[in-house]
Amino acid sequence: MNKKEITVLATDDFPISATLYEPVQANQVFVMINAATGVKRRYYDQYASYLCETGFTVLTYDYRGIGGSLVPKAWSGKEPTMADWGRLDLEGVIGWVNKHYPEQYFTAVTHSVGGQLMGLAPSNNDVKAVLSIASQSGYIGNWSGMEKLKFQLMMYLAVPVTTHLVGRLPGALLGSEDLPKGVALQWAYWCRSRHYIVDKHAQPLRKEFEQYDHSMRFYCIADDSMYGPLKAVEELAAYYKNASTEVVVKKPEDYGVESIGHFGFFKSSMPVIAWNETVSWLLEKSLESQQVQAA
């Protein structure tokens with residue numbers, strides 16, 4: 001395996017830090033990994049390496065303001081927002097993959113917000129299959145009971161107040177990296193909005209969601225009640241109304257573990273059977289594509 005650090009330019013020329021994993025013998029399937037909110041690409045290193053060892057070419061990257069993609073002092077562009085992660089950063093990564101690996105079957109594995117951002121990238125249809133882990137619509141109404149109360153306090157009070165006071169959202173509140181001010185405030189605004197991903201007038205942004213017409217599988221992690229309840233996962237899947245979507249509930253006992261939660265799937269402690277499932281699905285979609293082309 002050849003692993004190297006590279007820089008990919010977003011569509012507004014913002015420098016995005018990325019890691020490219022090239023296998024010894026490529027299976028001609030490319031996997032782009034979209035991270036969760038405030039999570040560095042390093043978090044997915046073991047999973048990316050595993051995919052690479054099985055023949056996939058893999059790319060992980062940090063959204064602007066996160067990890068290696070911190071805003072340069074000389075940057076004269078606007079304050080980063082969560083929408084920028086999809087419209088500019090992800091879009092730039094898609095363009096880079098198309099340029100450098102045009103012959104490979106282009107797929108994505110997304111985590112949490114990574115599955116949402118697919119619906120903001122203008123060129124998302126270039127990605128031929130998407131496997132989303134714990135991705136959801138963040139609208140507060142998708143939660144219930146105590147988890148809903150916690151989420152309301154977080155998005156109506158903790159996130160906006162702390163962000164305005166500190167100038168950013170401290171990662172300690174999320175168990176991740178600090179979020180840039182514009183990202184945190186837009187995220188909270190979206191979560192308070194019935195249609196979640198919306199413009200400044202609370203109107204739903206669905207153009208790129210609805211143009212996507214390939215295969216998508218959404219894993220709802222059964223014990224991820226805080227960040228990914230089933231209703232929220234199903235609602236996000238429905239945004240992609242022209243895609244071939246399926247929602248699959250995965251329980252810890254399916255893999256012989258006590259818990260998975262929102263972040264457990266990509267940890268090295270996860271049983272290999274879980275990662276093998278993703279390998280099988282990605283290869284299955286690649287094979288289906290080859291069969292269609294040969295018909």
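The values are calculated or read from the model by the stated rules, or taken from the named source; none is laboratory data. Since the structure is predicted, the reported quantities are computational estimates derived from the model, not experimental observations. Here the Cβ positions follow ideal geometry from the backbone for every residue, glycine too, while neighbour counts run over all protein chains shown.
Take the stretch 160-217 and flag every residue that is under 20 Å from the mean Cα position of the chain (by Cα), more than 20 Å from SER132 (Cα to Cα) and part of a strand (DSSP E or B). If the condition is that a residue be under 20 Å from the mean Cα position of the chain (by Cα), more than 20 Å from SER132 (Cα to Cα) and part of a strand (DSSP E or B), then LEU169, LEU179, PRO180, VAL198, PRO204 are the ones that fit. For GLU246, the conditions (1) at pLDDT 95 or above; (2) part of a loop (DSSP other than H, G, I, E, B) are fulfilled apart from (2). Quick check: anything in the stretch 115-132 among the acidic types (Asp, Glu) and in a loop (DSSP other than H, G, I, E, B)? No: zero hits. Looking at this structure, is TYR189 over 26 Å from GLU53 (Cα atoms), aromatic (Phe, Trp, Tyr) and touching a helix residue (DSSP H, G or I) at 6+ places or on another chain (Cβ under 8 Å)? Criteria not met by TYR189.
State yes or no: is VAL109 among the β-branched types (Val, Ile, Thr) and in a loop (DSSP other than H, G, I, E, B)? So VAL109 fails the test.
Filter the stretch 151-196 down to the residues that are in contact with a Phe, Trp or Tyr (Cβ under 9 Å, 6 or more places away or on another chain) and either more than 20 Å from PHE263 (Cβ to Cβ) or surrounded by fewer than 17 Cβ atoms within 10 Å (Cβ to Cβ) (or both) and list them by number. GLN152, PRO160, GLY175, ALA188, TRP190, ARG192, SER193, ARG194, HIS195, TYR196 - these are the residues of the stretch 151-196 that are in contact with a Phe, Trp or Tyr (Cβ under 9 Å, 6 or more places away or on another chain) and either more than 20 Å from PHE263 (Cβ to Cβ) or surrounded by fewer than 17 Cβ atoms within 10 Å (Cβ to Cβ) (or both). Would you say GLY256 is surrounded by fewer than 13 Cβ atoms within 10 Å (Cβ to Cβ), within 28 Å of PHE56 (Cα to Cα), in contact with a Pro (Cβ under 9 Å, 6 or more places away or on another chain) and not basic (Lys, Arg)? Considered against the rule, which asks whether it is surrounded by fewer than 13 Cβ atoms within 10 Å (Cβ to Cβ), within 28 Å of PHE56 (Cα to Cα), in contact with a Pro (Cβ under 9 Å, 6 or more places away or on another chain) and not basic (Lys, Arg), GLY256 comes out as yes.
Going by the conditions given, is VAL24 without any contact (Cβ under 8 Å) to a residue 40 or more places away in the chain and among the β-branched types (Val, Ile, Thr)? Yes: the conditions hold for VAL24. Does any residue of the stretch 13-26 turn out to be hydroxyl-bearing (Ser, Thr, Tyr), touching a Cys at 6+ places or on another chain (Cβ under 6 Å) and surrounded by fewer than 24 Cβ atoms within 10 Å (Cβ to Cβ)? Yes, that holds for at least one residue. Remark: pairs (first residue in the stretch 263-290, under 19 Å from ARG41 (Cα atoms); second residue part of a helix (DSSP H, G or I); Cβ separation under 7 Å; 6+ apart in sequence or on different chains) = PHE265/ALA274; PHE266/TYR43; PHE266/TYR44; PHE266/TYR47; SER268/GLN46; MET270/GLY264; TRP275/TYR47; TRP275/TYR50. Of all the numbered requirements in (1) touching a Lys or Arg at 6+ places or on another chain (Cβ under 6 Å); (2) at negative phi, GLN46 misses one, and that requirement is (1).
Close Cβ contacts (under 8 Å, 6 or more residues apart or on different chains) running from residues in the stretch 45-64 that are farther than 16 Å from TRP275 by Cβ to residues that are in a loop (DSSP other than H, G, I, E, B) and hydrophobic (A, V, I, L, M, F, W, C) comprise THR57/ALA26; TYR61/ALA35; ASP62/ALA35; TYR63/ALA35; ARG64/ALA10; ARG64/PHE14; ARG64/VAL71.
Remark: GLU147 falls outside the filter, which requires a residue to be more than 30 Å from LYS241 (Cα to Cα), out of contact with any Phe, Trp or Tyr (no Cβ under 8 Å at 6 or more places or on another chain) and either among the charged types (D, E, K, R) or part of a loop (DSSP other than H, G, I, E, B) (or both). Return a yes/no flag: does the stretch 74-81 have any residue that is outside any helix (DSSP H, G or I), crowded, with 16+ Cβ neighbours inside 10 Å and among the basic types (Lys, Arg). The answer is no, given that none of the residues of the stretch 74-81 is outside any helix (DSSP H, G or I), crowded, with 16+ Cβ neighbours inside 10 Å and among the basic types (Lys, Arg).
Determine, yes or no, whether GLY86 is of a type outside the set (A, V, I, L, M, F, W, C), touching a residue at least 24 places away in the same chain (Cβ under 8 Å) and surrounded by fewer than 24 Cβ atoms within 10 Å (Cβ to Cβ). Considered against the rule, which asks whether it is of a type outside the set (A, V, I, L, M, F, W, C), touching a residue at least 24 places away in the same chain (Cβ under 8 Å) and surrounded by fewer than 24 Cβ atoms within 10 Å (Cβ to Cβ), GLY86 comes out as no. Whether a residue is small (Gly, Ala, Ser), closer than 30 Å to SER286 by Cα and in a helix (DSSP H, G or I) was assessed, and GLY68 does not pass this test.
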